[in-house]
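The next block holds one structure in the form of structure tokens; read it before the comments.
The values are calculated or read from the model by the stated rules, or taken from the named source; none is laboratory data. Treat the numbers as computed from the prediction; the structure is a model and nothing was measured. Virtual Cβ from ideal backbone geometry, glycine too; neighbours counted across all protein chains shown. Heavy atoms of the whole protein, side chains included, go into the accessibility calculation; ligands, DNA and RNA do not. Shrake-Rupley method; radii C 1.70, N 1.55, O 1.52, S 1.80 Å.
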Amino acid sequence: MGFPGTWMTESESVVYRVVPKCACSTIGQIMYFSDHGEFFDGDIHDAQSGMHKWAIEASQEPITKNVRSHTSYAFTCVRNPYTRILSSFFDKICGIQRNGKRYRGNLVPLLVQKYGIDVGGEEGKDDFDQIKSFRRFLLFARDTIRWRRPMDPDIHWSAMSGHVSTFIVNGGMYDRIFWTETFNQGMKDVLNAVETRHTVDVTKIPRFNESEGHGPKRLHPVEDYFDDLSMHLVYEMYHRDFDLFKYDFDDPSNKMPIGEIDLDEVHAKLGD
């Protein structure tokens, strides 16, 4: 299986396991800048040179060698499961993507037909019942994760623990896992632990939110989207994320972690 979703600087200063919807665009740009002294011109996900990515065949051997020997500092970044699944809904389901089309072609028509989801028209307008549609999307997301119907789970709403685990199962070890909610401190800790060709001041780095503006604006507080059934579905999908990454399941309005991540626990529970 190797190391899907793994990026590494060309200098091999640092290794990063991408977790979608968890500041990956900003992290990728910081890694690129640390090697080249400038940001990638465009969406870092589109970069085919200037950094190693598992999706680039020529990068697979150096990534495998580095990760399995734990040559470089390795990290990832996680996010509150409630805000992450909301972000996935507004970006991937309600939004128009960079190519000017809906995400994954016929996915949205399928959701409209089978789950009764309203996505606000072609221009990503917010004049629809966001709460009702989001709760129906949660049923769809649960069906993909639990039953793999009507499709396999998408990387943007599959559990973070699943992404994090592939790195461990295939021979990798994390030195740091930090939260998007305390991004500056977490990223600063990573950069302080490695030597880079160019100095990066995290406080001055813009946020490269490539999904911003794709979809309608969220009209309600996070907690309004989650009734008892919705919380049950979220727990069914993401109970390991809440447990391992120390987020508050009982209070969707609290996006902040409520404990410290135990790397030994993460490696033990996700290494099977």
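Restricting attention to helices (runs of 4 or more DSSP H) lying wholly within the range 128-239, give those where 1 or more residues are of a type in the set (Asp, Glu).
Values: elements: 130-146, 160-169, 183-192.
Answer list for the range 128-239: 130-146, 183-192.
Please enumerate the residues belonging to the range 1-25 that are outside any loop (DSSP other than H, G, I, E, B), in contact with a strand residue (DSSP E or B) (Cβ under 9 Å, 6 or more places away or on another chain) and either within 22 Å of Asn80 (Cα to Cα) or among the acidic types (Asp, Glu) (or both). Give the derivation first.
Residues of the range 1-25 outside any loop (DSSP other than H, G, I, E, B): 6-9, 14-17, 24-25.
Filter once more, keeping what is in contact with a strand residue (DSSP E or B) (Cβ under 9 Å, 6 or more places away or on another chain): 6-9, 14-17, 24.
Matches in the range 1-25: Thr6, Tyr16, Arg17, Cys24.
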Handout entry: Tally, over the range 36-72, of residues that are open to solvent by less than 40 Å² (accessible area, probe 1.4 Å), over 20 Å from Arg176 (Cα atoms) and not in a loop (DSSP other than H, G, I, E, B)
Key = 4
Completion exercise
Among (1) under 17 Å from Arg84 (Cβ atoms); (2) more than 16 Å from the chain's Cα centre (by Cα); (3) open to solvent by 70 Å² or more (accessible area, probe 1.4 Å), Lys269 falls short only on (1)
Exercise for the section: Please identify the pairs in which a residue from the range 10-33 that is over 18 Å from His163 (Cβ atoms) has its Cβ atom under 6 Å from the Cβ atom of a residue that is polar (S, T, N, Q) and not in a loop (DSSP other than H, G, I, E, B), counting only partners at least 6 apart or on another chain. Expected result: Glu12/Asn66
Handout entry: Failed item in (1) of a type in the set (A, V, I, L, M, F, W, C); (2) touching a strand residue (DSSP E or B) at 6+ places or on another chain (Cβ under 9 Å); (3) crowded, with 22+ Cβ neighbours inside 10 Å; (4) touching a residue at least 40 places away in the same chain (Cβ under 8 Å), with Ile85 passing the rest
Key = (2)
Exercise for the section: State whether one or more residues within the range 175-193 are open to solvent by 30 Å² or more (accessible area, probe 1.4 Å), touching a strand residue (DSSP E or B) at 6+ places or on another chain (Cβ under 8 Å), over 20 Å from Arg146 (Cβ atoms) and small (Gly, Ala, Ser). Expected result: yes
Completion exercise
Scanning the range 82-104 residue by residue, those hydroxyl-bearing (Ser, Thr, Tyr) and in a helix (DSSP H, G or I) turn out to be Tyr82, Thr83, Ser87, Ser88
Problem - Given (1) out of contact with any strand residue (DSSP E or B) (no Cβ under 7 Å at 6 or more places or on another chain); (2) closer than 22 Å to Ala23 by Cβ, number of the condition Pro257 does not satisfy - result: (1)
Fill in the blank from the handout: Those residues of the range 224-246 which are touching a residue at least 40 places away in the same chain (Cβ under 8 Å) and either open to solvent by 60 Å² or more (accessible area, probe 1.4 Å) or aromatic (Phe, Trp, Tyr) (or both) amount to Asp224, Tyr225, Phe226, Leu229, Tyr238, Arg240, Phe242, Phe245
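Can you tell me which residue within the range 152-174, out of those that are among the polar types (S, T, N, Q) and touching a residue at least 24 places away in the same chain (Cβ under 8 Å), is surrounded by the fewest Cβ atoms within 10 Å (Cβ to Cβ)?
Applying the first criterion (among the polar types (S, T, N, Q)) to the range 152-174 yields 158, 161, 165-166, 170.
Subsequent filtering for residues that are touching a residue at least 24 places away in the same chain (Cβ under 8 Å) retains 161, 165-166, 170.
Working: Ser161: 21, Ser165: 20, Thr166: 18, Asn170: 16.
Taking the candidates together, the pick is Asn170.
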Exercise for the section: Given the conditions (1) of a type in the set (A, V, I, L, M, F, W, C); (2) modelled with pLDDT under 95; (3) within 21 Å of Pro221 (Cβ to Cβ); (4) surrounded by fewer than 21 Cβ atoms within 10 Å (Cβ to Cβ), report the number of the one that Cys94 does not fulfil. Expected result: (4)
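For Arg207, indicate whether it is modelled with pLDDT of 95 or more and either open to solvent by less than 60 Å² (accessible area, probe 1.4 Å) or at negative phi (or both). Full working, then the answer.
On the way: modelled with pLDDT of 95 or more: no; either open to solvent by less than 60 Å² (accessible area, probe 1.4 Å) or at negative phi (or both): yes.
Answer is no for this residue.
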